[in-house]
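The values are calculated or read from the model by the stated rules, or taken from the named source; none is laboratory data. Every value quoted in this text rests on a predicted model; they were computed, and no experiment measured them. Cβ sites come from the backbone with ideal geometry, for glycine too, and all protein chains shown count toward neighbours.
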Amino acid sequence: MSRREWKTGEIEYLFLNGDIVPYEKAVIHIFTPAYRYGAMVFEGIRGYWNEEIKDMYLFRVAEHCKRFNQSLKMMRMDIEIKEEEMVNNLADLVKKNEIHQTVHFIYSAYVDGDGPMSSRGPIGTAITVRKTGSTYDVENGIRCSVSNWRRNADDSCPMRIKAAANYQNSRLALLQAKQDGYDSTIFLNHNGKVSEGPGACLFIVREGRLITPPVTSDILEGVTRDTIIRLSEEMFNNPAIERPIDRSELYIAEEIFFCGSGAEIVPIVNVDGFAVNNEKPGEITRQLIKVYHEVVTGKTPDHAAWRTAVYA
């Protein structure tokens, strides 16, 4: 496979340390603590194309920027990104690449230079962008295992920090799930309660009510998770319940889905061989997918403050 094919959509430029540079020049040295120790934090952010008005909406940049700075603080990386700066960098990259379709950004900050593991700087910043839809089969749903790997604990390597190093935990679990014939997997935390997926938060439906693990269940405090909680209450009068979830509840749930910036909303139709809703996406999940898509693409006036237009 050629590099150009791998780039997924003819992306010619990326962002590195304040400049928009050609794809092949967006590089860092292998001596950096980012490469050697995973000293990097990031945000996954969506830009949604609205074909009717010919514009792209960046979704909930303020919330992503806030979480990004929280990760930087906990990693003791001496930098703060302002919301306006994040918006401008994302928009400039879209315009430079002349993108007119839905994209996914990775906005990252990393420890540069050639210092030791404890280095706190200098800090580099980078943005990658890909033209891509959901990372899973939304139409038919996916099959998941419950992973033998436990989610990182808050007193070990907190999942509240969206750090590159944390994703080794996800990678181990996902590789095992795929080896065993599943599409993805679901983590338990060290208390044996349901946590989240490798790169997405999780909801179940029981007795028609949405339920999701609390933020103290070793999960990333997801922006999409918060969006689902708010949309469910406002538009369907179905407030989500945040409480610990037992593993066995996954086997008797009426519906289950992942949600995240990259994943969006993905129905889970089988867990450990137990069918969920006859292995079909459930009604509540399908309603949320529809409403979520209308909100993020600006096809509804609701929650206009969540959307930032790029070309307008």
Among the listed residues I30, I20, I45, which satisfies the condition of being over 24 Å from the mean Cα position of the chain (by Cα) and not polar (S, T, N, Q)?
I30
List every residue pair whose Cβ atoms sit under 7 Å apart, with the two residues 6 or more apart in sequence or on different chains, where the first one lies in segment 78-102 and is among the acidic types (D, E) and the second, anywhere, is part of a loop (DSSP other than H, G, I, E, B).
D78/R120; D78/G121
Which is among the aromatic types (F, W, Y), assigned by TED's automatic domain parsing to the domain that holds M117 and touching a Leu at 6+ places or on another chain (Cβ under 9 Å), of Y37, Y57, Y23?
Y23
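Could you run through segment 285-302 and say how many residues are out of contact with any Lys or Arg (no Cβ under 9 Å at 6 or more places or on another chain) and part of a helix (DSSP H, G or I)?
Qualifying residue count, segment 285-302: 9.
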Pairs with Cβ under 7 Å, 6+ apart, first in segment 208-231 and on the phi < 0 side of the Ramachandran plot, second modelled with pLDDT under 95
R209/N238; L210/N238
So which residues in segment 206-255 are within 20 Å of the chain's Cα centre (by Cα) and assigned to a helix (DSSP H, G or I)?
V223, T224, R225, D226, T227, I228, I229, R230, L231, S232
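Go through segment 271-287 and give me each residue that's closer than 19 Å to G199 by Cβ and out of contact with any Pro (no Cβ under 9 Å at 6 or more places or on another chain). Full working, then the answer.
Narrowing segment 271-287 to residues closer than 19 Å to G199 by Cβ: 271, 285.
If the condition is that a residue be closer than 19 Å to G199 by Cβ and out of contact with any Pro (no Cβ under 9 Å at 6 or more places or on another chain), then V271 is the only one that fits.
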Hey, among the residues in segment 176-187 that are touching a strand residue (DSSP E or B) at 6+ places or on another chain (Cβ under 6 Å) and not in a loop (DSSP other than H, G, I, E, B), which one's nearest to R150 (Cα to Cα)?
F187
Within segment 61-78, is there a residue that is modelled with pLDDT under 95 and in a loop (DSSP other than H, G, I, E, B)?
yes
Residue count, segment 194-219, condition charged (D, E, K, R) and touching a strand residue (DSSP E or B) at 6+ places or on another chain (Cβ under 7 Å), comes to 2
